[in-house]
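The values are calculated or read from the model by the stated rules, or taken from the named source; none is laboratory data. All values reported here derive from a predicted model rather than from experimental measurement. Because the Cβ atoms are built from the backbone with ideal geometry, glycine has one as well, and the counts that use them run over all protein chains shown. Keep in mind that these areas ignore ligands, DNA and RNA; they rest on the heavy atoms of the full protein, side chains included. Shrake-Rupley method; radii C 1.70, N 1.55, O 1.52, S 1.80 Å.
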Amino acid sequence: MEKQILDILNAGLGIVKTGQEGLEKAKAEFTKSFQDLAAKGAADNSESSVRVREFVDKFLNEAKELTTAAGKSYEDVRVKVLERYNQLVEEAKKLVPQEQVEAIKAKLSEVTETVKNGIPAKKTA
């Protein structure tokens, strides 16, 4: 019985090994075929091939420029918004007396605690 189990196990391992070898062989063949096709394409200097290469190159460069510009625009907007927010905070500090700020903070803390603890239910008669 043990021999049969070992034989089945070894057969399974053989299948796995054969599958791995086949996969590696297929991968190598695909890589070689791809490289052959790329070499043939690179050797093609017909007018249509040159135009396609130029078009793709132009497209990739424009995409790269747009990506860079979009990143810069986002960063510029973020910086401007942050600057404006800081200006507003400073102006608000000048307009609102400190004791009112403290009173507002105290009231917000009171409301926060009430919400955390739950609002007591009103008793009805």
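Residues are listed down the side, and each one gets a yes or a no for (1) open to solvent by less than 100 Å² (accessible area, probe 1.4 Å); (2) among the hydrophobic types (A, V, I, L, M, F, W, C); (3) touching a residue at least 24 places away in the same chain (Cβ under 8 Å):
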site	(1), (2), (3)
47	no, no, no
61	yes, no, no
71	yes, no, no
74	no, no, no
84	no, no, no
93	no, no, no
96	yes, yes, no
102	yes, no, no
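Please determine whether any residue of the range 81-88 is over 31 Å from the mean Cα position of the chain (by Cα) and part of a helix (DSSP H, G or I).
Checked the range 81-88: at least one residue is over 31 Å from the mean Cα position of the chain (by Cα) and part of a helix (DSSP H, G or I).
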